[in-house]
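Quick note: the coordinates plus some simple rules give every number you see, no bench work behind them. All of these numbers come straight from a predicted model, not from anything done at the bench. No Cβ is skipped: glycine too gets one built from the backbone with ideal geometry, and neighbour counts run over all protein chains shown.
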Amino acid sequence: MAGGRGRKAARKTHSMTQRKIIGEDTAYAMPPSSHRKELTEVGRGTPMGELMRRYWHPVATIKDATSIPKRIRMLGEDLVLFRDGQGRPGLVYARCAHRGTTLYYGKVEERGIRCCYHGWLFDVEGRCLEQPCEPELGIKHRNGVRQPWYPVREHYGLIFAYMGPPEKMPELPRFECLEQLSDGEFIDVDDRSIGTQGDVIMPCNWLQHFENVADPYHVPILHGSFTGSHFTNSTTQMPLDAEFAITTRGVEVRTRRPMEDGRILFRISEAVLPTVRAVANPFAPRLDEPVTALGWVMPIDDTHFRIYTAGRTREKGVLFPVPESVRRNFRNAPSWFDMTEEERRARPGDWEAQTGQGPITLHSEEHLATSDVGLVMVRRLFDEQLRAIASGEDPINVSFDPGTAPTKLSSGNWTTYPPSTGAAE
């Protein structure tokens with residue numbers, strides 16, 4: 001009897017221990033999940049939304065502004081882009097100031113855009129020029145109506161908009177790598193998103209991609225293994241080392257990777273606040289040159305973004321030339337749009353990895369490690385800018401001086417020989 005009681009007691013103790021261990025280790029014990037709202041949410045009045053509204057942002061390509069109204073959604077706001085008969089681009093709030101129907105169904109005329117409902121005509125700065133259903137003596141009423149609008153500028157083949165407080169509007173930024181063209185070069189634009197073709201919107205938060213710029217360690221795993229040699233062999237090698245630094249522009253990442261011929265690929269990438277990704281061509285057909293194209297990671301709203309890219313090129317539609325060695329890896333592979341869900345699961349890329357984090361990643365569930373230094377720097381730098389504007393200061397990368405020189409970036413691909421080889425660099 002005593003032995004039986006002992007065995008029962010032992011089994012009970014073992015069962016309790018197992019329940020305790022399992023209870024501590026299963027997902028049931030997880031605390032409520034959350035994301036960092038101050039860094040991810042971009043609507044008007046939110047901390048990041050107000051920071052974003054202190055900068056100029058590309059909202060479309062120049063060719064998008066035509067006599068046919070185009071829907072634009074940016075920073076959580078619904079807008080309409082058009083170009084009037086005088087060639088002036090306009091960006092106005094979508095809801096007509098009269099009765100609220102969308103100006104997307106309006107008609108673009110010589111002086112502006114006319115609402116389809118009652119014919120009110122607004123110019124590119126929202127002034128009400130005509131109210132056909134009102135008596136001519138109603139001029140005073142007409143002058144008292146202003147359709148909400150935003151200033152726009154055309155540069156680098158893109159249309160930039162400033163959506164912040166007018167008294168804080170900075171100069172439109174310029175970049176040296178896009179200003180100094182060699183013979184035969186011109187600026188071309190691409191509004192495609194990562195790894196895809198066409199007018200594509202990414203269904204996840206913008207920060208999930210932007211902070212990825214400062215993460216060199218995902219490249220050999222995702223692009224060098226899972227995707228299947230997405231870039232050149234040297235680009236997808238595990239870095240020999242990586243250095244991260246906060247600069248006056250953003251976060252800079254310097255890596256060294258071994259090349260097949262014994263040289264070292266020295267690569268610099270920059271996450272330039274608030275949204276510019278300065279990443280040299282990862283296909284690297286031409287080495288020993290600075291970055292030639294820039295991408296703007298543009299928040300459409302809290303759970304969608306897109307990328308606008310402008311760069312120097314000699315061939316229309318080719319901003320990132322791909323060498324034959326890389327083309328061979330994908331010659332028989334279907335385009336992303338033609339891939340089945342199983343094919344995407346078998347060969348995931350940036351799209352799958354970043355949308356796979358969810359519409360807005362749950363920061364409370366992260367377990368950051370030493371390879372995430374760059375990501376942490378990006379977040380901390382944003383935290384600093386949020387504190388700056390909250391205290392009445394201006395954030396980094398804004399200038400109010402029309403004479404400000406174009407920004408010079410460090411990004412690019414270069415090669416060197418290891419010191420031990422004795423070869424000349």
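Listing Cys128, Cys115 from fewest to most neighbouring C-beta atoms within 10 Å gives Cys128, Cys115. For Glu243 and Arg71, the FRET efficiency from 1/(1 + (r/R0)^6), where r spans their Cβ atoms and R0 equals 41 Å, is about 0.45.
Report the per residue volume, in Å³, of the convex hull enclosing the C-alpha atoms of the range 56-153. Could you put the intermediate results ahead of the total?
Numbers: hull volume 8.7 nm³, N = 98.
Hull volume over Cα atoms, normalised by residue count, gives 89 Å³.
Rounded to the nearest 10 degrees, the inclination of helix 373-390 to the longest alpha-carbon principal axis of the chain is 40 degrees. In this structure, the amide hydrogen of Leu129, modeled 1.01 Å from its nitrogen in the peptide plane, lies closer than 5 angstrom to those of Leu121, Phe122, Asp123, counting only residues at least 5 positions away or on a different chain. Tell me the angle of helix 2-25 to the major Cα principal axis of the chain, expressed in degrees between 0 and 90 and rounded to the nearest ten. It works out to around 30 degrees.
For the chain, the Kirkwood hydrodynamic radius from C-alpha pairs, put into Stokes-Einstein at 37 °C and a viscosity of 0.692 mPa s, yields a diffusion coefficient of 134 µm² per second.
Given charges of +1 on the Cβ of Lys and Arg and -1 on the Cβ of Asp and Glu, with all other atoms neutral, how large is the dipole of the chain about its Cα centre, in debye to the nearest 20?
1580 debye
Using the Cβ-Cβ distance between Ser225 and Arg44 with R0 = 30 Å, the FRET efficiency computed as 1/(1 + (r/R0)^6) comes to roughly 0.10. R0 = 30 Å: FRET efficiency of Met169 with Val145, Cβ-based, nearest 0.05? It comes out at approximately 0.80. Taken about its Cα centre, the range 56-153 carries a charge dipole of about 200 debye when Lys and Arg each add +1 at the Cβ and Asp and Glu each add -1 at the Cβ. Each of Thr416, Asn233, His218 was placed along the dipole of the chain (beta-carbon charges, centred on the mean Cα), and the one lying farthest toward the positive end is His218.
Using 28 Å as the Cα-Cα cut-off, could you pick out the over-long pairs in Lys63/Lys107; Lys37/Lys63; Lys37/Lys168; Lys70/Lys316; Lys316/Lys408?
Numbers: Lys63/Lys107 18 Å; Lys37/Lys63 35 Å; Lys37/Lys168 24 Å; Lys70/Lys316 24 Å; Lys316/Lys408 25 Å.
In this structure, Lys37/Lys63 lie more than 28 Å apart at Cα.
Between the DSSP loop rule and a limit of at most 13 other Cβ atoms within 10 Å, which trypsin sites (Lys or Arg not before Pro) in the range 78-173 are left? When the trypsin sites (Lys or Arg not before Pro) of the range 78-173 are filtered for loop state and at most 13 Cβ neighbours within 10 Å, Arg99 remain.
So what's the range 366-422 giving for Rg/Rh, alpha carbon basis, Kirkwood Rh from the mean inverse pair distance? Walk me through the numbers on the way to the answer.
Working: Rg = 18.4 Å, Rh = 15.7 Å.
Over the Cα atoms of the range 366-422, Rg/Rh equals 1.17.
Exposure proxy shown here: for Arg54, Arg312, Arg277, the number of other Cβ atoms within 10 Å sets the order, fewest to most, as Arg312, Arg54, Arg277.
Solvent-free Debye calculation, one equal scatterer per alpha-carbon of the range 170-421: log10 I(q)/I(0) at 0.17 Å⁻¹ equals -1.60. Our estimate of slack between Asp288 and Asp183, defined as 0.36 nm per intervening residue step minus the Cα-Cα distance, is 36.0 nm.
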